[in-house]
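Engineer: Dropping the structure in here first, questions after.
The values are calculated or read from the model by the stated rules, or taken from the named source; none is laboratory data. Predicted, not measured: the structure shown is a model, and the values here were computed from it. Note that we place each Cβ from the backbone using ideal geometry, even for glycine, and neighbour counts take in every protein chain shown.
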Amino acid sequence: MINNIKKQYEIYTSSISSKDMAISYEMAMYLWTEIKQRKSTRILDLGSGFSSFIFRSYQESVEGCRVISVDTSADWLLKSNEFLEKNNLDVSEIYTFDEFKELPYETYDFILYDLGNMKTRSDNLEFILNFADKNCPVIVDDVHKKPYMDVVIETANRLKKKIVNIKPETFDSYGRFALLLK
């Protein structure tokens, strides 16, 4: 599967989204490794795109695994959906953020938070943390942006969430990286 991830990442970043907009290859590999090690079965993918490919590829091999993909842009969801369909992956449970907010409340055992722009992320971080079950890691991408990192750290501290530095695993050539909250 690792060779397929690399190949599909190259296809994705040359035909769907640029490398500086898509999650990094480093992040993709981190997500793949983490969900496999944790044996995740309830995944919340906030910010559709190549992460949706990673999560739904994993879903194919794990019976009962459920992936919910969400984005602020309906147009972007269509692009994500098309890429998933080309790879014969499940395209159910793909929602706009407004639709997601109307779904019945439930918790997840793995969350990627890479949704919309930095204002959207800052404004909704606390709301999203409510969807994490007791042992759920929340991977918060793009914390290389200082004002956003400050919001993430302040929110995590206020809510007594542990902050784990995963910069060594997620750092890319653009200087982007993530933090893990739990």
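Engineer: Residues that are within 28 Å of Ile153 (Cα to Cα): find the helices (runs of 4 or more DSSP H) completely inside region 18-133 holding 1 or more of those.
Structural biologist: So the answer is 25-38, 50-60, 97-102, 118-129.
Engineer: The conditions are (1) assigned to a helix (DSSP H, G or I); (2) within 27 Å of Tyr105 (Cα to Cα); (3) out of contact with any Phe, Trp or Tyr (no Cβ under 6 Å at 6 or more places or on another chain), and Lys6 fails exactly one of them. Which is it?
Structural biologist: The one condition Lys6 does not meet is (2).
Engineer: Still on this structure, please answer the following. What number of residues within region 134-155 are touching a helix residue (DSSP H, G or I) at 6+ places or on another chain (Cβ under 8 Å) and either crowded, with 19+ Cβ neighbours inside 10 Å or not in a loop (DSSP other than H, G, I, E, B) (or both)? Lay out the reasoning, then the answer.
Structural biologist: Initially, region 134-155 is screened for residues touching a helix residue (DSSP H, G or I) at 6+ places or on another chain (Cβ under 8 Å), giving 137-143, 145, 147-148, 151-152, 155.
Now narrow it down to the ones that are either crowded, with 19+ Cβ neighbours inside 10 Å or not in a loop (DSSP other than H, G, I, E, B) (or both): 137-143, 147-148, 151-152, 155.
Result for region 134-155: 12.
Engineer: Those residues that are among the aliphatic types (A, V, I, L, M) and farther than 15 Å from Arg56 by Cβ, I need them from region 92-104; list them, please.
Structural biologist: Leu103
Engineer: Out of Ile54, Ile68, Ile43, I need the residue that is among the hydrophobic types (A, V, I, L, M, F, W, C) and in contact with an Asp or Glu (Cβ under 7 Å, 6 or more places away or on another chain). Which one?
Structural biologist: Ile68
Engineer: If the Cβ limit is 7 Å and pairs must be 6+ apart or interchain, which residue in region 14-35 that is at positive phi pairs with which residue that is assigned to a helix (DSSP H, G or I) and buried (at least 17 other Cβ atoms within 10 Å of the Cβ)?
Structural biologist: Between residues of region 14-35 that are at positive phi and residues that are assigned to a helix (DSSP H, G or I) and buried (at least 17 other Cβ atoms within 10 Å of the Cβ), there is no close pair.
Engineer: Hey, Lys161 hits all of (1) part of a loop (DSSP other than H, G, I, E, B); (2) modelled with pLDDT of 95 or more; (3) under 18 Å from the mean Cα position of the chain (by Cα) but one; which does it fall short on?
Structural biologist: (3)
Engineer: While we're looking at this one, here's another question. Among the residues of region 68-78, is there at least one that is farther than 26 Å from Lys167 by Cα, among the hydrophobic types (A, V, I, L, M, F, W, C) and within 16 Å of the chain's Cα centre (by Cα)?
Structural biologist: The answer is yes, given that some residue of region 68-78 is farther than 26 Å from Lys167 by Cα, among the hydrophobic types (A, V, I, L, M, F, W, C) and within 16 Å of the chain's Cα centre (by Cα).
Engineer: Go through Thr107, Thr155, Thr120 for me and flag whichever is over 14 Å from the mean Cα position of the chain (by Cα), touching a residue at least 40 places away in the same chain (Cβ under 8 Å) and over 25 Å from Tyr58 (Cβ atoms).
Structural biologist: Thr120
Conditions (1) of a type in the set (S, T, N, Q); (2) surrounded by 15 or more Cβ atoms within 10 Å (Cβ to Cβ), marked per residue:
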{"site": "Arg56", "(1), (2)": "no, yes"}
{"site": "Arg66", "(1), (2)": "no, yes"}
{"site": "Asp75", "(1), (2)": "no, no"}
{"site": "Lys79", "(1), (2)": "no, yes"}
{"site": "Ser92", "(1), (2)": "yes, no"}
{"site": "Lys101", "(1), (2)": "no, no"}
{"site": "Tyr105", "(1), (2)": "no, no"}
{"site": "Met118", "(1), (2)": "no, no"}
{"site": "Asn124", "(1), (2)": "yes, yes"}
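Engineer: Can I ask one more? Are any of the residues in region 171-179 closer than 22 Å to Thr72 by Cα, hydroxyl-bearing (Ser, Thr, Tyr), out of contact with any strand residue (DSSP E or B) (no Cβ under 6 Å at 6 or more places or on another chain) and modelled with pLDDT of 95 or more?
Structural biologist: No: zero hits.
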